[in-house]
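The values are calculated or read from the model by the stated rules, or taken from the named source; none is laboratory data. Everything numeric here is computed off the predicted structure, so don't read it as measured data. Here the Cβ positions follow ideal geometry from the backbone for every residue, glycine too, while neighbour counts run over all protein chains shown.
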Amino acid sequence: MERRRAGVLLHPSSLPGKAYCGDLGAEARRFIDLAAQAGLQIWQVLPLGPTHSDGCPYQLISVHAGNPDLIDLQWLVAQNWLTQEDADAGQSSPEAKRAALDKAARAFFAATADTAMTAAYAQFLQQADYWLEDYVRFQAFRDHHGREPWTRWPEALRRCEAGACDAIARQLADQLAALRFRQFIFHRQWHELRHYAKQRGILLFGDMPIYVHLESADVWAHQPLFNLDETGQPITVTGVPPDYFSAEGQLWGNPQYDWERMESTGFEWWLQRFASAARQFDIVRIDHFRALEAFWEIAADATSAREGRWVAAPGRALLHAVREHNPDLCLVAENLGIISAEVEALRHDFELPGMLILQFAFDGSPDNPYLPHRHSMGDIVYTGTHDNDTTLGWFEKLDEGVKENVYRSLNNPAESMPWMLIHQAMDSVANTAIVPWQDFLGLDGRHRMNTPGTREGNWQWRFSWQQVPPETAGRIHALLTSCNRVATDEFRSTEDAGRGTG
């Protein structure tokens, strides 16, 4: 983060293609090629874990597992584990993809040759032993009980008692094997994609949700680490008080951690999370970083996020442990919302970059920390994030007075929105500038990824290559060059950039 770089924010699910969801295949490589041709050096994504039916990547079934929706079925065809016909059929829905993955698993396990892939599978099982069995059992047990919440399972299973879990696992051996195979394939494909990106000078920037969903393998398998009653129900839950994202605050409903218990274990559960993140990413953003200093605690029976209180958290001790075990992992703090001096002190003490959102800069206050002249080299500047409207959508909704304030502050009449704000981000003194892909494409608010505080219509956006003007890479590259954000030949050759993979 000490060199001037620029990046793009796009979740893999938003990649184009024939399937119901973007994946880690040819389109992902084509996007990397285009980013490299444009001079971008960072690809930021949202959390990659398996989601619930709403598709929200911040409410995951596992903090370690990968989302099977992102698996590239063509890769399985190339391994001769799946026919082209089965791969095509698997593109239509999540259920069809899982059926195709199960066919591929049967083909993989039927092979008896001692190949490099079987050795890689054995190595994966060894590396993932601290989380994989909990995850596959949780998923198989959920299916076995008709997707009932784990808090309604028979008591021995609900309590995750070893004897009861082992007995059911023996009955579900084939399903457990198929679930392990899916995770092997996801992590294999992600590893190959990361290698592809690295060859083209692209760093992968991931996101770590601060909290986990009650209906997750993590809570079920580690119940003593959460503030739950004897039946597994949360006593207190998560959220945030009112802020500029939501006038009523946000009642997320995740179970709160038992921080005292976590600290007594040396933060083992957290260290495992960061170990998983280090295997996937070059840079990791800690979502809702402020909860490591103090978190908003809400009674489980509360009806509004307003009914909470701030409670201190042992974030300093945790970050010391993380740094000791992962000294080379680059961390970023999401410091948006209600941020106290104590939160900023914690961030600065560990030299973590924060986030500067240009869409927040134009309220007319000269002390607004997001104003361009108040930026610092060590932070990351964004036009907006996945939680913001697109820059064009944001600007179109402003009243004329605020629009005039934007024009006066940016003083760049040669550009129109969103490129006016993109130019300001790239021109910032902040060493790192990241722009959502929607902004590079000049898309309006119909292409927003998420609206905080709402439950419908989120996490579904995808782009098409028809929306990418031919001059896009050249225009980005010219801007990055003028703002000294393009890598030299010492760091990357772009000779083959932009050619795509088919």
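Numbers at a glance
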| quantity | calculated |
| --- | --- |
| Counted residues, the stretch 384-428 - those being closer than 21 Å to residue 246 by Cβ and in a loop (DSSP other than H, G, I, E, B) | 9 |
| All helices (runs of 4 or more DSSP H) inside the stretch 258-369 with 1 or more residues being among the polar types (S, T, N, Q) | 259-264, 268-280 |
| Residues of the stretch 66-96 satisfying the condition of being farther than 27 Å from residue 206 by Cβ and either touching a strand residue (DSSP E or B) at 6+ places or on another chain (Cβ under 6 Å) or among the β-branched types (Val, Ile, Thr) (or both) | 77, 83 |
| Residue in the stretch 379-395 that is farther than 20 Å from residue 287 by Cα and either surrounded by fewer than 18 Cβ atoms within 10 Å (Cβ to Cβ) or in contact (Cβ under 8 Å) with a residue 60 or more places away in the chain (or both) present | no |
| Members of the stretch 37-56 found to be of a type in the set (Gly, Ala, Ser), assigned to a loop (DSSP other than H, G, I, E, B) and surrounded by 19 or more Cβ atoms within 10 Å (Cβ to Cβ), listed by number | 39, 49 |
| Of residues in the stretch 405-418 being under 22 Å from residue 472 (Cα atoms) and surrounded by 19 or more Cβ atoms within 10 Å (Cβ to Cβ), the one nearest to the chain's Cα centre (by Cα) | 418 |
| Test: residue in the stretch 284-303 that is loosely packed, with under 15 Cβ neighbours inside 10 Å, in contact (Cβ under 8 Å) with a residue 24 or more places away in the chain, more than 22 Å from residue 259 (Cα to Cα) and not hydroxyl-bearing (Ser, Thr, Tyr) | no |
| Single match in 193, 214, 176, 204 (criterion: in contact with a Pro (Cβ under 6 Å, 6 or more places away or on another chain) and buried (at least 19 other Cβ atoms within 10 Å of the Cβ)) | 214 |
| Inter-residue pairs, beta-carbon under 7 Å, first more than 21 Å from residue 339 (Cβ to Cβ) and in the stretch 228-246, second of a type in the set (Ser, Thr, Tyr), 6+ apart | 231/151; 232/151; 233/151 |
| Given (1) of a type in the set (Ser, Thr, Tyr); (2) crowded, with 17+ Cβ neighbours inside 10 Å; (3) farther than 17 Å from residue 71 by Cα, index of the condition residue 130 fails | (2) |
| Qualifying residue in the stretch 455-463 (condition: among the hydrophobic types (A, V, I, L, M, F, W, C), modelled with pLDDT of 95 or more and touching a Lys or Arg at 6+ places or on another chain (Cβ under 9 Å)) | yes |
| Which numbered condition residue 89 misses (of (1) within 23 Å of the chain's Cα centre (by Cα); (2) closer than 21 Å to residue 17 by Cα) | (1) |
| Complete set of residues in the stretch 34-91 that are of a type in the set (D, E, K, R) and at pLDDT below 95 | 54 |
| Residue count for the stretch 200-238, restricted to those that are part of a strand (DSSP E or B), in contact with a Phe, Trp or Tyr (Cβ under 9 Å, 6 or more places away or on another chain) and among the polar types (S, T, N, Q) | 1 |
| Answer from 29, 3 - the residue that is surrounded by fewer than 23 Cβ atoms within 10 Å (Cβ to Cβ), touching a Gly at 6+ places or on another chain (Cβ under 9 Å) and either in a helix (DSSP H, G or I) or not small (Gly, Ala, Ser) (or both) | 29 |
| So residue 323, is it buried (at least 21 other Cβ atoms within 10 Å of the Cβ) and among the basic types (Lys, Arg) | no |
| Lone qualifier among 210, 235 - being farther than 26 Å from residue 11 by Cβ and of a type in the set (A, V, I, L, M, F, W, C) | 235 |
| Residues (touching a residue at least 12 places away in the same chain (Cβ under 8 Å), basic (Lys, Arg) and in a helix (DSSP H, G or I)) located in the stretch 155-197 | 158, 180, 182, 188, 194 |
| Of all residues making up the stretch 98-119, the number that are out of contact with any helix residue (DSSP H, G or I) (no Cβ under 7 Å at 6 or more places or on another chain), in a helix (DSSP H, G or I) and not hydroxyl-bearing (Ser, Thr, Tyr) | 7 |
